[in-house]
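J.: If you scroll down you'll find the structure; I have some questions about it.
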Ligand SMILES: [Zn+2]
């Protein structure tokens, strides 16, 4: 459907990839296997080292880019009010220079001779995706398939398994992180926030490896690190390690986990977390999976601190926060008002089923909602796949109506609410001067992209090709 509307067929696209094309990837695009076609370039397994960034000139043209320009509203005889039925698009040409969108031109501009040009072939252009809660430092991904083990003693079993695995995985850490970053790239993500274990087993080892990995991919991935005392800040006696990690630099947030369930000392655990953040002038991003009886007092204690320490305002994230799903509408409204006043962000990995989070309510209350994939196949979860667009799809299914308009709004959960059209249908992205961090995919509009999860055929970060391919013109 998207293919025909965008005038692009898979076959045509493959056929259009000639010797002059730019291609980059690790042979792991879901499209390649799902559609039975071969990857653009065969680089063997995901752990094979490949060039991390394709060489593109600093300035070039991108032709036949499909941009959304507005909604189509129609009156249907059986409906009382006009409804949005489709999204209008136009083909444009972009001039990219210095990693930014330097010009937005018509469909057939005059290209100065000798200037590099690539053909987007009518594919839809969307903003880059953002995976804002993940754990790139520890994974089975990149190695053989491993499902999670049964839990007989709750999270203690996971921690016991993690203690056994961490030292074994440490020598593989950079290779595994690279595999996950390539998987993220293949799904259109070039911005991420990653937790990183700081614990008595790996100590600062995971952090050192993650910093090396992020340096390696710095041209195609914008990243921030949260140091994460996964075994309990107090319970595993990790405060000094956390301090050492913060001293080493390159850390944006102090993490944490369940101050009551892990540390059995909510107040001391929260206060220590806050003190670390204040001492090193960084933010906080804390996992709290606890039920409302213990979670809400912990959140409120953090917010009490935020009222006193203005440097924390706008720089604290509550991750998971399943307890918000237990609140009544009225309770949620009051709690959300406090979060909003202090600039607290909510991070969610979009749990399904009974833990479904009221993300739409929280977003519509004016709170910044960010989404993450949390993992790609680790000992905590078997289902991670680093596809943040799939998270937008899941939110759309759970909390929005399946109309053109409502599905289109959910794209924002994948893009940090940078969307081609605003709620009124006005074109707000891209604008000249925006970073050239974008996806090209075979879809006719945002709603179709969210609903159908098409292949991300070319993924750009600040003008550089992070994944996929685009045929060269001429
Ligand atoms: Zn997490």
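J.: Rounded if a/c is under 1.5, else prolate if a/b is larger than b/c, else oblate: which is segment 391-431, with a ≥ b ≥ c the root eigenvalues of its Cα gyration tensor? Show your work: numbers first, answer last.
T.: Details: a/c = 3.45, a/b = 1.58, b/c = 2.18.
Oblate, because a/c is 1.5 or more while a/b does not exceed b/c.
J.: Would you list 145, 379, 78 from fewest to most Cβ contacts within 10 Å?
T.: Ascending number of Cβ neighbours within 10 Å: 78, 145, 379.
J.: May I ask for the distance between the Cα centers of segment 415-472 and segment 160-193, given as a whole number of Å?
T.: Rounded to whole Å, the Cα centres lie 25 Å apart.
J.: Work out how much length residue 168 to residue 271 would gain on full extension: take 0.36 nm times their residue separation and subtract the Cα-Cα distance, in nm to one decimal. Mind showing how you got there, number by number?
T.: Numbers: separation 103, 0.36 × 103 = 37.08 nm, distance 3.33 nm.
Additional length available on full extension: 33.8 nm.
J.: What number do you get for the chain when its Cα radius of gyration is normalised by 2.2 N^0.38 Å, N = residues?
T.: Normalised Cα radius of gyration, the chain: 0.99.
J.: What's the extension gain from residue 278 to residue 452 if we count 0.36 nm per residue and subtract their Cα-Cα distance?
T.: Here the segment from residue 278 to residue 452 would lengthen by 58.3 nm.
J.: Another question, if that's okay. Between residue 354 and residue 244, with labels modelled 7 Å along Cα→Cβ, what's the label distance in nm to one decimal, could you check?
T.: Using points 7 Å along Cα→Cβ, the separation is 4.1 nm.
J.: A follow-up question, please. Restricting things to alpha carbons, find the Rg to Rh ratio for segment 365-444 using the Kirkwood radius for Rh.
T.: 1.00
J.: Roughly speaking, what is the stretch gain from residue 237 to residue 104, that is 0.36 nm per residue apart minus the C-alpha to C-alpha distance, in nm to one decimal?
T.: On the way: separation 133, 0.36 × 133 = 47.88 nm, distance 5.49 nm.
Working it through step by step, the gained length comes to 42.4 nm.
J.: Given only helices, namely DSSP H runs of n ≥ 4 each adding -39500 (n - 2.57), what is the per-residue ellipticity at 222 nm of the chain, to the nearest 500 deg cm²/dmol?
T.: Taken over the chain, the calculation gives -9000 deg cm²/dmol.
J.: How would segment 130-386 be classified by its alpha-carbon gyration tensor: rounded, prolate or oblate, with rounded meaning a/c under 1.5 and the a/b versus b/c comparison settling the rest? Working shown, then result.
T.: On the way: a/c = 1.40, a/b = 1.33, b/c = 1.06.
It comes out rounded by the Cα gyration axes.
J.: Counting DSSP beta bridges with both partners in segment 130-386, what percentage is antiparallel, nearest 5?
T.: 5
J.: Moving on. Given a Förster distance of 60 Å, report the FRET efficiency between residue 115 and residue 293 from their Cβ-Cβ distance, rounded to the nearest 0.05.
T.: Calculated transfer efficiency: 0.40.
J.: A further question on this structure: In the chain, what % of DSSP beta bridges are antiparallel (nearest 5)? Show your work: numbers first, answer last.
T.: On the way: 36 of 71 bridges.
Bridges in the chain are about 50 percent antiparallel.
J.: Okay, next question. If the convex hull of the alpha-carbon atoms of segment 327-474 is projected onto planes in all directions, what is the mean projected area in square nanometres?
T.: If you wrap the Cα atoms of segment 327-474 in a convex hull and average its projections, you get 11.4 nm².
J.: Here is a further query. With a ≥ b ≥ c taken as the square roots of the eigenvalues of the C-alpha gyration tensor of segment 132-200, please select rounded if a/c is under 1.5 and otherwise prolate if a/b is larger than b/c or oblate if it is not?
T.: Since a/c reaches 1.5 and a/b is larger than b/c, the shape of segment 132-200 is classed as prolate.
J.: Something else now. Please give the FRET efficiency for residue 331 paired with residue 218, using the beta carbon to beta carbon distance and R0 = 35 Å, rounded to the nearest 0.05.
T.: Working from the Cβ atoms, E equals 0.20.
J.: What FRET efficiency comes out for the pair residue 151/residue 59, r = Cβ-Cβ distance, R0 = 60 Å, nearest 0.05?
T.: 0.65
J.: A follow-up question, please. From the Cα trace of segment 297-410, what convex hull volume per residue do you get, rounded to a whole Å³?
T.: For segment 297-410, the hull spanned by Cα atoms encloses 121 Å³ per residue.
Values in this text are rule-based calculations from the coordinates and carry no lab data. In this text, all values refer to a predicted model and were calculated from it rather than measured experimentally. With ideal geometry, Cβ positions are generated from the backbone for all residues, glycine too; neighbour counts draw on all protein chains shown.
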